[in-house]
Amino acid sequence: MSITKNIVDMMNGTIEVESRLGEGSEFVVSFPFRIHAGQGEVPDIQELCNCRALVVDDDFNTCDSVSYMLGQLGMRAEWTLSGKEAVLRTHQAITRRDEYYVYIVDWLLPDMNGVEVTRRIRKETGKDVPVIVLTAYDWTDIEDEAREAGVTAFCSKPLFLSELRSCLSNVIKPGGAAEAQKKKQAAKLRTGRILLAEDVELNQEIATMILEDAGFQTEIAGNGKIAVEMLKKSKPGYYQLILMDVQMPEMDGYAATREIRSLEDEGLSSIPIIAMTANAFEEDKQEALKSGMNGHIAKPIDIKNLFETLDMVLS
């Protein structure tokens, strides 16, 4: 409930509860939203208006949804469930001089993966036609291979109209994709290794993704006791900072911090420690500072607040 309350407060909302003994509880969450006064139409991308696009995905619903969004952007979209058929259609389109101007290809297809589909399409079309790969997974490991095969850009699933329009605008306008890549590289200025003490696997994955996307390396400890042992075995400076969850089995974050602060090696005992807790109340912040922590961030993690806190502590 504390996490829900935190989210509601961040969105300037309210939460109410009504309980009846033996029957249950009813929770009502309310948020204020402005009513958009305009027509809400998505403007066409003039360079692609009335141009053909091919969607390649083995899921019918994805094909239908993406084709509909392309239509909203002014394009004439077609779709296929097969990578091999996509290559065949490309050959036919070029032969008939009615080429596709954009390809949107799923990464994981049953007959041929998206990178291989792109490679074969490139043999037919050359280098100028944008090929966008759709994936629900992290594409970092395949990005170099995909770029070499001719992939122009990546989009995450589920795909939304605003993201599709932004991606298409970047890949068709000169300098758009390069500018996006430049911004991405500029964001990765943070380096160093962070010890993440967190017992919930999902929270570990989310925090690791956020930190590593910013340029940090992360190592994970499943509870406070493990975090203390990992720090003891390391040399001073190996970890730049510890992100310490407060509620963990065996040894909680407060106890772990107190034990770290009592270490004889000053290089280890003085490491910056930031508390992570689902409670954002003032008493929790004070408890964190009292145990020897350098800062406090609330869950769910606010990315902007996280990096502002990290920058402040590390500076």
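Say we look at the stretch 255-273 and pick out the residues that are of a type outside the set (Gly, Ala, Ser) and out of contact with any strand residue (DSSP E or B) (no Cβ under 8 Å at 6 or more places or on another chain); which of these is surrounded by the most Cβ atoms within 10 Å (Cβ to Cβ)? Even if it seems obvious, please write down each step before you answer.
Filtering the stretch 255-273 for residues of a type outside the set (Gly, Ala, Ser) gives 257-261, 263-266, 268, 271-273.
Remaining after also requiring out of contact with any strand residue (DSSP E or B) (no Cβ under 8 Å at 6 or more places or on another chain): 258-259, 261, 263-266, 268.
On the way: 258: 16, 259: 18, 261: 15, 263: 15, 264: 6, 265: 11, 266: 8, 268: 20.
Checked the stretch 255-273; the qualifying residue surrounded by the most Cβ atoms within 10 Å (Cβ to Cβ) is 268.
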Does the stretch 46-95 hold any residues that are part of a strand (DSSP E or B) and not charged (D, E, K, R), and which are they? 53, 54, 55, 56, 77, 79, 80
With (1) modelled with pLDDT of 90 or more; (2) more than 29 Å from the chain's Cα centre (by Cα) as the list, and residue 39 as the residue in question, which single condition is left unmet? (1)
Residues satisfying the stated conditions in the stretch 1-19, i.e. surrounded by 13 or more Cβ atoms within 10 Å (Cβ to Cβ) and touching a helix residue (DSSP H, G or I) at 6+ places or on another chain (Cβ under 9 Å): 13, 15
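Could you tell me whether the stretch 105-112 includes any residue that is of a type in the set (A, V, I, L, M) and within 24 Å of residue 169 (Cβ to Cβ)? Don't jump to the end; show me each part of the working.
Here is the first cut: in the stretch 105-112, the residues of a type in the set (A, V, I, L, M) are 105, 108-109, 112.
So of that shortlist, the ones also within 24 Å of residue 169 (Cβ to Cβ) come out as 105.
Yes, the stretch 105-112 contains at least one residue that is of a type in the set (A, V, I, L, M) and within 24 Å of residue 169 (Cβ to Cβ).
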Determine the pairs where a residue that is at positive phi, located within the stretch 289-315, has a partner that is assigned to a helix (DSSP H, G or I) and exposed (fewer than 13 other Cβ atoms within 10 Å of the Cβ) with Cβ atoms under 7 Å apart, the partner being 6 or more residues away or on another chain. none
Which residues, taken from the stretch 107-139, are over 22 Å from residue 67 (Cβ atoms), assigned to a helix (DSSP H, G or I) and basic (Lys, Arg)? 119, 122, 123
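Quick check on my filter: what residues within the stretch 47-61 are surrounded by 10 or more Cβ atoms within 10 Å (Cβ to Cβ), at pLDDT 90 or above and out of contact with any Phe, Trp or Tyr (no Cβ under 9 Å at 6 or more places or on another chain)?
58, 59
Within the stretch 91-98, is there a residue that is closer than 21 Å to residue 47 by Cβ and surrounded by 14 or more Cβ atoms within 10 Å (Cβ to Cβ)?
Residues of the stretch 91-98 that are closer than 21 Å to residue 47 by Cβ, as a first pass: 93-94, 97-98.
Checking the rest, the ones that are also surrounded by 14 or more Cβ atoms within 10 Å (Cβ to Cβ) come to 93-94.
Yes, the stretch 91-98 contains a residue that is closer than 21 Å to residue 47 by Cβ and surrounded by 14 or more Cβ atoms within 10 Å (Cβ to Cβ).
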Where in the stretch 204-315 are there helices (runs of 4 or more DSSP H), lying wholly inside it, with at least 1 residues that are more than 30 Å from residue 139 (Cα to Cα) and among the hydroxyl-bearing types (Ser, Thr, Tyr)? 253-261, 266-269
Would you confirm, using the coordinates I've provided, whether residue 44 is closer than 27 Å to residue 162 by Cβ, at pLDDT 90 or above and surrounded by fewer than 20 Cβ atoms within 10 Å (Cβ to Cβ)? no
I'd like to verify a number: residues in the stretch 118-159 that are more than 24 Å from the chain's Cα centre (by Cα) and on the phi > 0 side of the Ramachandran plot, how many? 1
Given (1) under 21 Å from residue 52 (Cα atoms); (2) buried (at least 19 other Cβ atoms within 10 Å of the Cβ), index of the condition residue 109 fails: (1)
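The values are calculated or read from the model by the stated rules, or taken from the named source; none is laboratory data. All values reported here derive from a predicted model rather than from experimental measurement. As a convention, Cβ positions derive from the backbone with ideal geometry for all residues, glycine included, and neighbour counts pool all protein chains shown.
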